[in-house]
Amino acid sequence: MTETQKTAVIFGVANKRSIAWAIAQKLQQAGWRLAITYQNERLAQEAKGLIEDLPGAKGFMCDVSHDDQIAKLFEELKAKYGTLQGVVHSVAFAPAAELSGEFLNTTREGFRIAHDVSVYSLIAVARAAAPLITQGGGIVTMTYYGAEKVVPKYNVMGVAKAALEASVRYLASDLGAQNIRVNAISAGPIKTLAARGISGLGEMLKSHAERAPLKRNVDPGEVGATAAFLLSEAGSGITGETIYVDCGYNIMGF
Ligand code: NAD
Ligand code: 0WE
């Protein structure tokens, strides 16, 4: 398209329900050119099918728990696009066993994996992306209320999200001088692949909708629109923040 078209790389598309996919659609509508990554060969087919339908978008494979895959991806992005203006990190994982029972039973390996995939990956991706963001830009990651208040069974993911939100502040401090802004979106519960396996999700969605000031659950398109806003000129004064897109749920005390 135009010479001034901005380019973003998006991590975390598994299927059409992925928050990353809702963000991709809003960015594409806002005129962005997109590089979209998926985790592995297993998810490639479904992801590629979606990406093909998004004009100008290209798919890349990248497992963020491997430094070499991150390095190779950003070499390819540099060769293909030269510079970047946006990064979307919409990736999280903890072994399923950690998301049931008590936090007290968190294993060393479960803790390590949750923090490696869900937190360290943001730092690694930000470091690899920064040299390509030569004219300023933004990085957005996804977090959840379980970072600050106890959500039963969210367990080690809550601790990982707290570390993710703190990482957003430290990265924002390091990268601010390069005019790179780093923010998190704290989304209310959404029925995605990462949420579907959770027992009691239906009840959680119901009680969330009842307690939230807007009396409903959040739509993935609303999260996508907020990411597009944060990455746009309209977000130019915002960095290091956690922005709630949760229909107001987090403001309630009772
Ligand atoms: P999702 O399953 O569609 O997305 C999670 C993505 O993480 C998948 O695409 C998966 O392939 C990717 N991933 C996991 N391990 C990876 C690895 N090693 N390398 C590369 N990619 C890897 O589910 P989602 O709900 O869209 O989750 C996206 C983000 O939103 C996560 O950070 C999640 O914690 C956050 N979030 C979700 C909700 C919710 O209720 N669904 C609410 C708030 C925040
Ligand atoms: O961040 C998340 C989910 C992240 C997630 C989901 C899974 C399921 C499959 C991370 N790792 C895995 N590992 C798997 O094997 N959310 C905000 C959604 C979510 O997950 C919950 C929730 C909510 C909300 C888990 C327990 C309680 C509430």
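The values are calculated or read from the model by the stated rules, or taken from the named source; none is laboratory data. Quick caveat: nothing in here was measured; it's all calculated off a predicted structure. Glycine also receives a Cβ, built like all others from the backbone with ideal geometry; neighbour counts cover every protein chain displayed.
Quick look at the numbers
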| quantity | calculated |
| --- | --- |
| Gln45 of a type outside the set (D, E, K, R) and modelled with pLDDT under 95 | yes |
| Residue count, region 185-203 (criterion: more than 8 Å from ligand 2 (Cβ to nearest atom) and at pLDDT 95 or above) | 3 |
| Condition met for Val140 (β-branched (Val, Ile, Thr) and assigned to a helix (DSSP H, G or I)) | no |
| Matching option when the condition is surrounded by fewer than 21 Cβ atoms within 10 Å (Cβ to Cβ), in a strand (DSSP E or B) and either away from ligand 2 (no atom under 16 Å from the Cβ) or over 14 Å from the mean Cα position of the chain (by Cα) (or both), among Gly59, Gly31 | Gly59 |
| Hits in region 185-211 - residues which are among the polar types (S, T, N, Q) and over 21 Å from the mean Cα position of the chain (by Cα) | Ser199, Ser207 |
| Criterion: part of a helix (DSSP H, G or I), out of contact with any helix residue (DSSP H, G or I) (no Cβ under 8 Å at 6 or more places or on another chain) and within 16 Å of ligand 2 (Cβ to nearest atom) - qualifying residue of Glu109, Glu98 | Glu109 |
| Out of Val182, Val168, sole residue that is within 16 Å of ligand 2 (Cβ to nearest atom), of a type in the set (Val, Ile, Thr) and touching a residue at least 12 places away in the same chain (Cβ under 8 Å) | Val168 |
| Residue within region 39-46 that is farther than 20 Å from Gly224 by Cα, within 14 Å of ligand 1 (Cβ to nearest atom) and buried (at least 22 other Cβ atoms within 10 Å of the Cβ) present | no |
